[in-house]
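Only one structure is covered here, and it is reproduced in the block below.
The values are calculated or read from the model by the stated rules, or taken from the named source; none is laboratory data. Given the structure is predicted, the values throughout are model-derived calculations rather than measurements. Here the Cβ positions follow ideal geometry from the backbone for every residue, glycine too, while neighbour counts run over all protein chains shown. Note: areas computed on protein heavy atoms with side chains; ligands, DNA, RNA excluded. Shrake-Rupley method; radii C 1.70, N 1.55, O 1.52, S 1.80 Å.
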Amino acid sequence: MDLDASVKEKIVVHAGGTIRIIAYVSGKPAPQITWCRDDGEVPKEAVVETTGISNSLVIKNCRRQHQGIYTLSAKNEGGERKKAVIVEVLGESARPHLTIGCINIYIFTFISSTKLILDAGMTREVKAMAGTHITLMAAIKGIPFPTVTWKKNDAEVPTRADIETNQAGTKLEMRFCNRGDCGDYTLTVENPAGSKTVTCTVLVLGKILPPIVEVDVKLIEGIIVKAGTTIRLPAIMRGIPVPTAKWSIEGEEILSEGNVKIDTDNFSTVLSINECTRNHTGTYLLTVSNPAGSKTVALNVTVLDVPAAPIGPANILEVTPDSMMIEWRVSSGSLATQLSITRLQRGAEYVVRIRAENKMGIGGPLESKPTVAEHTFMPPSPPGKPQTSDLSEDAVTVGWTMPLSDGGSQITGYIIERRHKGGKWIRVNKKPCKDLRYRVLGLFEGSEYEFRVFAENIAGYSGPSPISDPCKPCRPITVPSPPVNPRVKDYSKTTADLVWIKPNKDGGSPILGYIVEMKKADTEEWKKVNLDDFIKQCAYRVKGLEEGVTYRFRVRASNMIGDGEPREIPESVTAQDILIPPEIEMEVTCREPVNISLNLFLLVSSSSSGS
């Protein structure tokens, strides 16, 4: 029974316009779609366009003979639906109302601008200097709106020309023109009622020149200035059009602010830095550019200053009643520097100050902590009990805690010893370890090892730490990670087809297979589906579902260590067969004033219902 073929919407289109009827059709299985007009075939000019979600009928440049009742029919095993649209075409195409009021040619230079107006149908000549901007504009009217074509010397306009067209008119723009832009530029507007053309001849004088930079060769080789003075970096630049200048250092653009000043005109640029410091040392890059290219030069500057304070802390390595040994660093890349200070007074408290000096002067001080001239230290107490971690087949990481007492002198390092359980102790590291952990290499897989640690300061070694718990180096193996992206591929009233992707990590042991678990949505108990053996593939059909019951599923991977964490399928599944009748959502549009969209949805029962 046809439930909606009598429901007809109407669209009105002017002759010469476009008829466009869009229908959105869905159904399972995919419906068979047919179009007809007045119960017959659609006009031969009609084009049917089909995408994954829509079906459209389009007639361009329509005439009165294209009007009528257009009907779409969609049919599958679940039923049939129809939708109808009345199309009315008014009149024939109107002669275009075409107006080309003027073409405004703007010639922009860096000093002034001029405008030349050309009337429709006239051919004029305009001259512009290389490197300026040219814009050609025209106002356009017509019914239907005309097509717009720009040409240069009866050929395609170069791609560098920027063309913009809308209901107000059209515009062609060329930025930084050159001699290659010379020629006759023709604008043609056309619709079914006729066409009009206007031409403008463009002459470009001169040519674009790439930028040139001239700097003093001493700046390139490198200049040296004293801290507190002014750095001045001048450069001459030329080019057509006038280049722009950009200063930078280490990839960062330099801006004119604070004690930094940049003065730039059409012929030169100068970077000045007042009261410079050592931080202003570096290679300054000057980049000048215009449409014809760019040029970069590097200017090297070194700022001399007094040294910075030595790098702390100032460590007192050894103290006696009449002397002390002090250590410091001049810079981060140099070795430690030591000095023995003698002829101290017993019991007196001393602070040592250290300064660096170069040809510019003496730098800031580094002070030591107050120290009394007397014996105040002894060997440190033992470190804490070692702990082992990060085992592999031939290595283990041993960690410990600091001694409760450093004996009054800074701890200089730690010594680690190992042994087979109950055997002889063997030193592991030749040089004292500075950290509180050490990676012990060269072990044998399956052997049982124990470790102990000694702390060291200027007075000597501490006693041994407590002995670590025994450990056996072995290859680490864990359970696998969860399967990736499990989902329900298909289902029916008694089955559900599950698929997934193998885990990202197998835990260091091959995956033996997979376990599928399910539960009813209203319960908390998960039940194993594959009771007898592992699932070897990444897919499984769950059978024996109860029709109408909603289920949840999850999957886990297993290796020789055990079962990994499960990954649950996000969506629930209700055991039932799938049947989707066809649906149509129709939209009709045209380029004329009337636009109507059809959005009617009717549910049609399956053919077995008898309707």
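All of L187, L233, L271, L219 fail the test of being of a type in the set (A, V, I, L, M), open to solvent by less than 20 Å² (accessible area, probe 1.4 Å) and in the same structural domain as K151 (by the TED database), apart from L187. One residue stands out among those in region 137-170 that are in contact (Cβ under 8 Å) with a residue 40 or more places away in the chain and outside any loop (DSSP other than H, G, I, E, B): the one that is farthest from the chain's Cα centre (by Cα), which is A138. Checked against the criterion of being closer than 27 Å to D563 by Cβ, surrounded by fewer than 18 Cβ atoms within 10 Å (Cβ to Cβ) and small (G, A, S), the candidates A496, A521, A459 yield just one match: A521. Of all residues in region 402-451, those that are out of contact with any strand residue (DSSP E or B) (no Cβ under 7 Å at 6 or more places or on another chain) and either in a strand (DSSP E or B) or not aromatic (F, W, Y) (or both) total 14. Taken as a whole, region 443-456 holds at least one residue that is among the small types (G, A, S) and modelled with pLDDT of 95 or more.
Test L255 against the criterion of being open to solvent by 60 Å² or more (accessible area, probe 1.4 Å) and assigned to a loop (DSSP other than H, G, I, E, B), and give yes or no. Answer is yes for this residue. Look at D522 and say whether it is assigned to a strand (DSSP E or B) and on the phi < 0 side of the Ramachandran plot. So D522 does not fit the description; no. So, of the residues in region 282-295 that are touching a Ser or Thr at 6+ places or on another chain (Cβ under 8 Å) and open to solvent by less than 50 Å² (accessible area, probe 1.4 Å), which turns out to be nearest to T132 (Cα to Cα)? In this case the residue turns out to be N290. For region 559-566, the condition of being of a type outside the set (D, E), open to solvent by less than 70 Å² (accessible area, probe 1.4 Å) and free of Cβ contacts under 8 Å to residues at least 60 places away in the same chain holds for none of the residues. If you go through region 400-412 and keep only what is open to solvent by 20 Å² or more (accessible area, probe 1.4 Å) and out of contact with any Asp or Glu (no Cβ under 6 Å at 6 or more places or on another chain), you end up with T401, M402, L404, S405, D406, G408, Q410, I411.
Among the residues making up region 123-177, those that are basic (K, R) and open to solvent by 50 Å² or more (accessible area, probe 1.4 Å) are R124, K127, K141, K151, R160, K171, R175.
Cβ-Cβ contacts under 8 Å between residues 6 or more apart (or on different chains), taken from a first residue in region 525-544 that is in the same structural domain as K502 (by the TED database) and under 12 Å from T495 (Cβ atoms) to a second residue that is of a type in the set (A, V, I, L, M, F, W, C) and part of a loop (DSSP other than H, G, I, E, B), are listed as Y540/V529; V542/V529. Exactly one residue out of N279, N315 is under 30 Å from V352 (Cβ atoms) and either open to solvent by 50 Å² or more (accessible area, probe 1.4 Å) or modelled with pLDDT of 90 or more (or both): that is N279.
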